[in-house]
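> Attaching a single structure in structure tokens format; questions to follow.
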Amino acid sequence: MAEIFEVGGTFFLGGSSTLVVEMGDSKEMVGDSNTQSNPITPVNVKKEIKFVRRGPNDKQPIEVLDKVYALSTLGATIAFNAKMAYGDGIMVIKKKKDASGKLILEEQLESELPDIFKFLTDNNYINSVQEWSMDIITLFESFCELVFARGENKIVDINPVESTNSRLSISDEKTGQIEWHGYSTKWHEGNPDDVKATPLLNRRSPIRDLKVRRGLALNMRGVYNKPKENSYMLQLMQPTPGRYYHGKPWWWAIFEAGWYDFAVAIPEFKKALLKNQMTLKYKVDISVGFWPKYYKSKGVVESDPAAVKKAKTEFLTQLDKFLAGSENAGKSFVSEYEYDRQKGYEIKDIIITPIESFFKGGEYLEDSEEVTNIICYALETQPSLIGASGKKGSINGTEARELFIIKQSMMKPIRDLLVLPLYIAKEINGWDKDIHFVIPNIMLTTLDKNTGAEKQIGNQKI
């Protein structure tokens, strides 16, 4: 039996031209788990809290990210979608009506709203939007911490919190609400000792819930609460049917259906060929009768084994160098032969026969193209927008521009999540009611307009 060797997860048989590439199975990784962890006492709360696991072994976010980093097509498409969600950044606008009663959107200047622009700058909100968009595209959720100034009903900090390090407490039996967010960098290790618990706002009505908690609105008993905490957690989540605690991205279907494993198996197969396959270009047949004549021409006595071996090795080395060397391409090789009249065939000293390789190059190109398309479709992205091109080639500029516009319009639900923390701050901090926050589209224009792009909100150019 041939010995089996392993190289980087790829298996091959020693002494054989057969390559065996092992396919992974990522289906179990994205399985659901509503089981709770052991009761944990957070470092900042003096009571035990039970948090819900994410995935069968509570390692799901980290395992998904590892898969993303391992496949360039997947990572590039997720990065593209996150950039599309970011659009042209945050814009502060004011809604007005002109003399005819038509609604217009007017971009605001920093000199007009210094407090709001200072809030955006102090919180580095642009960077937060990038973090949230990447989390939401990859894991369908992210988290935002809203921090109040001590002794005041005023939000001063808005901090992004990684979804990977986040867990939610099991819902309260009486109210049905999820009360706590737990942050730890050790969830995947089991029973972490660094969990920080933060009150989680009601996802259905976070503004109303925050007002009640801060004593700005009446609670269910008709009285005003006295604020207890200075920070609260907001879950920015794209809802999916049947998922109460954490969202499940639609694109995870590539793990369920096995397309991801097929995609990563193709480059492993290619690597195995490069590392383990010995490509033979020529088959050389040397007549037994050739050697005595060769030894005689070199003055080698056949009764001297050492001299015979040396002469034979030198000849074969020179022949191999002649055939393999790129500098010898196009040269001719001359060999003498005799004709056996009695038997009626040629007696050749050396016969060189080119060997046709089974692997021509380009193996699984069509399959690779297919799986790339499927991954892009799962992430709702036209492959040509991120540079993928198949047999039909790339799309033209008009098609690309229209697809770019369509893609940006599909980002609206995610963009609404990205500006939600600002609307909460607007309500709590008492900003102008007519002030709004938008993420404008980047509209690609034709060359005859002498510009490459322009900003646009809905049908209105800014």
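The values are calculated or read from the model by the stated rules, or taken from the named source; none is laboratory data. Keep in mind that what you see is a predicted model, and the values were worked out from it rather than measured. Positions of Cβ are backbone-derived with ideal geometry, glycine not excepted, and every protein chain shown enters the neighbour counts. Protein only, heavy atoms only, side chains kept; ligands, DNA and RNA dropped before computing areas. Shrake-Rupley method; radii C 1.70, N 1.55, O 1.52, S 1.80 Å.
> Taking interchain pairs and intrachain pairs at least six residues apart, which have beta carbon atoms under 6 angstrom, with the first residue in segment 371-383 and within 18 Å of Ile406 (Cα to Cα) and hydroxyl-bearing (Ser, Thr, Tyr) and the second in a helix (DSSP H, G or I) and at pLDDT 90 or above?
The qualifying pairs are Thr381/Thr77.
> Right, something else. Taking only segment 185-217 into account, find how many residues are basic (Lys, Arg), at pLDDT 95 or above and touching a strand residue (DSSP E or B) at 6+ places or on another chain (Cβ under 6 Å).
Residues in segment 185-217 being basic (Lys, Arg), at pLDDT 95 or above and touching a strand residue (DSSP E or B) at 6+ places or on another chain (Cβ under 6 Å): 1 in total.
> Now for a separate question. Pull up segment 282-311, narrow it to residues that are at pLDDT 85 or above and among the hydroxyl-bearing types (Ser, Thr, Tyr), then point me to the one that is nearest to Ile350 (Cα to Cα).
The qualifying residue nearest to Ile350 (Cα to Cα) is Tyr294.
> Modelled with pLDDT of 60 or more and on the phi < 0 side of the Ramachandran plot, is that true of Leu447? Please lay out each step first, then the result.
Numbers: modelled with pLDDT of 60 or more: no; on the phi < 0 side of the Ramachandran plot: yes.
Taking the combined requirement at face value, the residue does not satisfy it.
> Is there a residue in segment 107-127 that is modelled with pLDDT under 95 and in a strand (DSSP E or B)?
Checking segment 107-127: at least one residue is modelled with pLDDT under 95 and in a strand (DSSP E or B).
> Which of the residues belonging to segment 129-154 are in a helix (DSSP H, G or I) and either open to solvent by 20 Å² or more (accessible area, probe 1.4 Å) or farther than 21 Å from Met410 by Cα (or both)?
Narrowing segment 129-154 to residues in a helix (DSSP H, G or I): 129-139.
Correct list: Gln130, Glu131, Met134, Asp135.
> Also, I was wondering about something else. Check Asp209 against each of (1) within 25 Å of Asn429 (Cβ to Cβ); (2) of a type in the set (Asp, Glu); (3) surrounded by fewer than 17 Cβ atoms within 10 Å (Cβ to Cβ) and name the one condition it does not meet.
Checking Asp209 against (1) within 25 Å of Asn429 (Cβ to Cβ); (2) of a type in the set (Asp, Glu); (3) surrounded by fewer than 17 Cβ atoms within 10 Å (Cβ to Cβ), the one that fails is (3).
> Now, a different point. Name the pairs: first residue in segment 83-101 and assigned to a loop (DSSP other than H, G, I, E, B), second residue surrounded by 11 or more Cβ atoms within 10 Å (Cβ to Cβ) and hydroxyl-bearing (Ser, Thr, Tyr), Cβ to Cβ under 9 Å, at least 6 apart or on different chains?
Taking only residues 6 or more apart or on different chains, the pairs are Ile90/Tyr125.
> State the number of residues belonging to segment 18-77 that are loosely packed, with under 14 Cβ neighbours inside 10 Å, part of a loop (DSSP other than H, G, I, E, B), modelled with pLDDT under 85 and acidic (Asp, Glu).
Summing the residues that are loosely packed, with under 14 Cβ neighbours inside 10 Å, part of a loop (DSSP other than H, G, I, E, B), modelled with pLDDT under 85 and acidic (Asp, Glu) in segment 18-77 gives 2.
Here's the yes/no breakdown for (1) aliphatic (A, V, I, L, M); (2) at pLDDT 90 or above; (3) at positive phi:
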site: Asn219; (1), (2), (3): no, yes, no
site: Tyr224; (1), (2), (3): no, yes, no
site: Ser231; (1), (2), (3): no, yes, no
site: Gln235; (1), (2), (3): no, yes, no
site: Gln238; (1), (2), (3): no, yes, no
site: Pro249; (1), (2), (3): no, yes, no
site: Ala265; (1), (2), (3): yes, no, no
site: Glu268; (1), (2), (3): no, no, no
site: Leu280; (1), (2), (3): yes, no, no
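> Within segment 155-184, which residues are at pLDDT 95 or above and farther than 24 Å from Leu420 by Cα?
Ser184
> Would you point out which residue out of Lys270, Lys312 is open to solvent by 70 Å² or more (accessible area, probe 1.4 Å), of a type in the set (Lys, Arg), more than 30 Å from Glu427 (Cβ to Cβ) and part of a helix (DSSP H, G or I)?
On the way: Lys270 fails: open to solvent by 70 Å² or more (accessible area, probe 1.4 Å).
After ruling out the rest, the residue left standing is Lys312.
> Right, Asn219: touching a helix residue (DSSP H, G or I) at 6+ places or on another chain (Cβ under 6 Å), among the polar types (S, T, N, Q) and in contact (Cβ under 8 Å) with a residue 24 or more places away in the chain or not?
Details: touching a helix residue (DSSP H, G or I) at 6+ places or on another chain (Cβ under 6 Å): yes; among the polar types (S, T, N, Q): yes; in contact (Cβ under 8 Å) with a residue 24 or more places away in the chain: no.
Answer is no for this residue.
> Can you confirm whether Arg243 is basic (Lys, Arg), touching a residue at least 60 places away in the same chain (Cβ under 8 Å) and open to solvent by 40 Å² or more (accessible area, probe 1.4 Å)? If you could, list the steps in order and put the result at the bottom.
Details: basic (Lys, Arg): yes; touching a residue at least 60 places away in the same chain (Cβ under 8 Å): yes; open to solvent by 40 Å² or more (accessible area, probe 1.4 Å): yes.
Yes: the conditions hold for Arg243.
> When the residues of segment 173-193 are narrowed to those that are among the acidic types (Asp, Glu) and under 16 Å from Arg53 (Cα atoms), which ends up least open to solvent (accessible area, probe 1.4 Å)?
First, pick out the residues of segment 173-193 that are among the acidic types (Asp, Glu): 173, 179, 189, 193.
Add one more test, that the residue is under 16 Å from Arg53 (Cα atoms), and what stays is 179, 189, 193.
Values: Glu179: 73, Glu189: 126, Asp193: 114 Å².
The qualifying residue least open to solvent (accessible area, probe 1.4 Å) is Glu179.
> What number of residues within segment 411-426 are without any contact (Cβ under 8 Å) to a residue 40 or more places away in the chain, surrounded by fewer than 18 Cβ atoms within 10 Å (Cβ to Cβ) and more than 11 Å from Gly87 (Cα to Cα)? Talk me through it step by step, then tell me what you get.
Going residue by residue through segment 411-426, those that are without any contact (Cβ under 8 Å) to a residue 40 or more places away in the chain are 412, 416, 426.
Now narrow it down to the ones that are surrounded by fewer than 18 Cβ atoms within 10 Å (Cβ to Cβ): 412, 416.
From what is left, the residues that are more than 11 Å from Gly87 (Cα to Cα) are 416.
So the count comes out to 1.
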